[in-house]
1. Kindly express, to the nearest 10 degrees and within the range 0 to 90, the angle between helix 2-40's C-alpha long axis and the longest C-alpha principal axis of the chain.
2. Size of the dipole of the chain about the Cα centre, Lys and Arg at +1 and Asp and Glu at -1 on the beta carbon, nothing else charged, in debye to 20?
3. Please determine, in degrees from 0 to 90 and to the nearest 10, the orientation of helix 48-84 with respect to the longest principal axis defined by the Cα atoms of the chain, where the helix direction is its Cα long axis.
4. Rounded to the nearest 500, what is the chain's calculated 222 nm mean residue ellipticity when only DSSP H runs of at least 4 contribute -39500 (n - 2.57) each, over all residues?
5. Would you mind calculating the relative contact order of the chain from Cα pairs under 8 angstrom and at least 6 residues apart, reporting the percent as a whole number?
Amino acid sequence: MAGTGILTKEMKDKQNCEKQKRLPQEIERLKKELNKRIAQGGNGLSNEETLKLSQRLDELLVEHLLGELGLLKKREKQRSQSKSG
């Protein structure tokens, strides 16, 4: 049973890593779409769809930054373990 938990954790780590790799491309795509809507003017800035797009972009940016922070913490932990070991 313990092995199953480890496998699941490894699978989750791999999925998270793959997701972190895709996030920058998705963020860039949404940024371009948002900029396009803003450049169109008119209702572009007050449109409900534009607001939702902006909020989704915010969510992805936070997710990406938290993922990067997690990687930094993981690396720091590995460094401190290798120095003490």
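Every read-out reported here was derived from the displayed coordinates using simple, explicitly stated rules and does not represent laboratory data. Keep in mind the model is a prediction, meaning the values are calculated, not measured. Every residue, glycine as well, gets a Cβ built from its backbone with ideal geometry; the counts of neighbours run over all protein chains shown.
1. 20
2. Once rounded to the nearest 20, the dipole reads 440 debye.
3. 20
4. -33000 deg cm²/dmol
5. 27 percent.
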